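The values are calculated or read from the model by the stated rules, or taken from the named source; none is laboratory data. Please read these numbers as outputs of a predicted model, since none were measured by experiment. Neighbour counts are summed over all protein chains in view; Cβ atoms, including those assigned to glycine, are modelled from backbone coordinates with ideal geometry. These accessible areas exclude ligands, DNA and RNA; they are computed on the full protein's heavy atoms, side chains included. Shrake-Rupley method; radii C 1.70, N 1.55, O 1.52, S 1.80 Å.
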Amino acid sequence: MTRLSALLARLFDFLAVMAAVTLLAMVALVTADIILRNAISIGFAWSNEVTEYALYLITLLTAPWLLRRGQHVRIDMMLVIVPPRLAWACEAAADLVGLAASLVLVWYGTVMTAQSARLGSLTIKNLVFPEWWLLAPLPICFAQLALEFVFRFRRLMDAPRTRRHEATSVG
């Protein structure tokens, strides 16, 4: 189990690097588009659309990495205010709710992706491509999140029943 967790950590690190590269490419594209539009009145009509998709992809690529590092969106002030054992219980409950939500989204994401592919749905804007290309990363991302919630919960169960100081950014 520890080996799988380590492999997952390496995968998440790689995906975070891919997100950073995607962000760099997005900045280069937007910069080139602005320069071309202002210099010679010709830009990339698809630039805004590609950056929208890139932001979506960056979110999916970094979500598991951020969860593993404990830097995902959370309200951690409460964990400092409540007694240590209750903070530990809140962490456990949050991991279980996160796991359940992730599994639901894996299921629905898979169903929606399969239906979109079966129906041949297209995304039609400046770029035209199969809709399932946009949907396919969702169940993959949430499967990774579900795995990380399992590992987080296991680490929490093996830890002392007290507040985890690395889990909070306040006090």
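Assign unit charges at the C-beta atoms only (+1 for Lys and Arg, -1 for Asp and Glu), then state the dipole size of the chain relative to its Cα centre in Debye, rounded to the nearest 20.
On the way: 15 positive and 11 negative charges, 114 e Å.
Result for the chain is approximately 540 debye, rounded to the nearest 20.
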### Query
Residues with beta-carbon under 13 Å from that of Q144, excluding Q144: net charge, scoring Lys, Arg +1 and Asp, Glu -1?
+1
### Solvent-accessible ranking of Y56, Y108, largest area first, probe 1.4 Å
Y108, Y56
### Query
Roughly how many Å² of E52 are accessible to a 1.4 Å probe, to the nearest 10?
100
### Task
On the full set of protein chains, 1.4 Å probe, figure out the accessible area of D33 and give it in Å² to the nearest 10.
10
#### Entry: Calculated log₁₀ intensity ratio I(q)/I(0) where the Debye formula runs over C-alpha points of the chain, q = 0.12 Å⁻¹
-0.70
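For the stretch 5-76, what percent of Cα pairs sit more than 15 Å apart?
Details: 1568 of 2556 pairs.
So the portion of pairs separated by more than 15 Å is 61 percent.
Would you work out the relative contact order for the stretch 8-59, in percent, from Cα pairs under 8 angstrom that are 6 or more residues apart? Let's see the in-between values first.
On the way: 24 pairs, mean separation 22.8, N = 52.
About 44 percent, as a whole number.
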### Exposure rank, largest accessible area first [C90, C141; 1.4 Å]
C90, C141
### Task
Return one whole number: the accessible area per residue of the chain in Å², for a 1.4 Å probe.
62
### Karplus-derived HN-Hα couplings along the stretch 64-71 (A = 6.51, B = -1.76, C = 1.60, θ = phi - 60°), whole Hz, x at Gly and Pro
x, 5, 5, 4, 4, 7, x, 10
### Message
Quick check: at a probe of 1.4 Å, how many percent of the accessible area of the stretch 25-171 sits on carbon and sulfur atoms?
### Response
71
#### Entry: For I75, solvent-accessible area (1.4 Å; no DNA, RNA or ligand), Å²
150
### Query
Got the relative contact order for the chain handy, in percent, Cα pairs under 8 Å and 6 or more residues apart?
28
### Task
Answer with one residue from A20, L99, V128: the one whose Cα lies farthest towards the positive end of the charge dipole of the chain, charges on Cβ with Lys, Arg +1 and Asp, Glu -1.
L99
### Probe 1.4 Å, all protein chains present, accessible-area order of V106, V97, V27, largest first
V97, V27, V106
### Query
Per the helix-only calculation at 222 nm, which mean residue ellipticity applies to the chain, given -39500 (n - 2.57) for every DSSP H run of n ≥ 4 and division by its residues, nearest 500 deg cm²/dmol?
-26000 deg cm²/dmol
